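Taken together, the values in this text are just the output of simple stated rules run on the coordinates, not laboratory data. Note that the structure is a prediction, hence the values are computed from the model and not measured. Neighbour counts run over all protein chains shown; Cβ positions are idealised from the backbone, glycine included.
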Amino acid sequence: MDPGFDPDRSDDVADPRERDASDPLAEFRQRFDVPGELYLDGNSLGPVSDAAERSLERALEEWRELGIEAWTDADRPWFRYGESLGDELAGLVGADGEEVVVANSTTVNIHTLVGTFLDARDDRPPGILVNELDFPTDHYAIRSQLRQRGHDPDEHLHVVESRDGRTIAEDDVVAALEDREVDIVFMPSVLYRSGQLLDVERITEAAHEHDALAGFDLAHSVGVVPHELSAHGVDFAVWCSYKYLNAGPGAIAGLYVDDRHFGETPGLAGWWGHEKETQFELRERFTPAESAGAWQIGTVPVLAAAPLAGSLEIVREAGIDRIRKKSLELTATLIRLVDERLAEYGCTVGTPRASEDRGGHVAIEHPEAERVSEALRKRGVVVDFRPPNVIRVCPAPLYTGFVDVHEFVAQLRDVLETGAYEDVDPAGSVS
């Protein structure tokens, strides 16, 4: 990776090396197989850890040695696998164990939870409040649920617009609640492009003041930002586990439902959400579990869930508060270096600078972001591009250090200074 980080420059070395040496989380890096020279895309897919690999191997061995008996006799009985992992996840989102379950995919969970609460409020025309910077699949699912109930999404899906194309003003969310009939507010905790962290507590309070439910997509915050869903009165939430939770590609997702909603009939009912005590009586009618487990649909995919068991061991050992602290320090360092060393090359930071408004990744904006991102990847610096002009950079705290952040900035500066990106076409091939 030439020229890269210069170990002989004191202004580059002293601070990052000392910080890495004193970092209480530094030891966790050795527990991950990190691809590439610099892997800064953990907000899309986290790397494999030794613990995740072991837990997957353990599930395979149980399948081999126990067969069907593993549903009841495995070290972690498969029959309650989703509930068991939910218990372990609960602390990361600030909930009771019964309010959290590992199940389905993120999009399926949006479908079933939004559908549930649309049905529960079918005494009036529905209104769902979202924002224009959401990850698109959230809107796809919500529009689908509205259509299935005979409602025109263009009339019933209310979209809060961004003032700057990067962030959402919480004041605008509150104003939209005052101006429109809203049944459900559904927002991300962190915007996937810019990395803005929304105020979950304030949005929930505003929703409840206007007789609306508050739901959140925690995909870009779970495992790197601590949450207090129960304390804030959040009604429901969804998330994936392949980003900061490092549970692998296509890993099982998770959901939260506040206990005051237990007993609601899930919008997508399936036998794995039936009350456990009578599930295998195979009754004609569905009886939902009195827990978040009711929103499970099909049989838990054990091999897609097993790595999460191991990855949660690492998160627990590291501690979510320590993870958040280091994350904020890494992103603050990155933002400072972009300002100091890359501004002259047309780079700006699109992520909020206040720590309370920032998630775990940084959006570096540049007119040639797509070609620059590809040029970096060809050097083994793994980042990703988000249209129209964002290089997303994620210094994930469990396996990224301060020297890595300095090295990344040196590599990006070299790509821009030498014009190395100019030979890369937008499709990613070298011309």
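Key figures for this structure:
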read-out: Conditions (1) charged (D, E, K, R); (2) in a helix (DSSP H, G or I); (3) farther than 25 Å from Glu201 by Cα: number failed by Asp138; value: (3)
read-out: Residue in the stretch 328-343 that is among the β-branched types (Val, Ile, Thr), in a loop (DSSP other than H, G, I, E, B), in contact with a helix residue (DSSP H, G or I) (Cβ under 7 Å, 6 or more places away or on another chain) and in contact (Cβ under 8 Å) with a residue 24 or more places away in the chain present; value: no
read-out: Which listed residue is surrounded by 16 or more Cβ atoms within 10 Å (Cβ to Cβ) and without any contact (Cβ under 8 Å) to a residue 24 or more places away in the chain, from His261, His274; value: His274
read-out: Residues (part of a helix (DSSP H, G or I) and hydrophobic (A, V, I, L, M, F, W, C)) located in the stretch 390-414; value: Phe402, Val403, Val405, Phe408, Val409, Ala410, Leu412
read-out: Counted residues, the stretch 344-365 - those being without any contact (Cβ under 8 Å) to a residue 40 or more places away in the chain, in a loop (DSSP other than H, G, I, E, B) and either buried (at least 20 other Cβ atoms within 10 Å of the Cβ) or hydroxyl-bearing (Ser, Thr, Tyr) (or both); value: 0
read-out: Residue in the stretch 280-294 that is more than 21 Å from Val409 (Cβ to Cβ) and among the hydroxyl-bearing types (Ser, Thr, Tyr) present; value: yes
read-out: Residues located in the stretch 185-236, provided they are surrounded by 24 or more Cβ atoms within 10 Å (Cβ to Cβ) and on the phi > 0 side of the Ramachandran plot; value: Gly195, Gly223
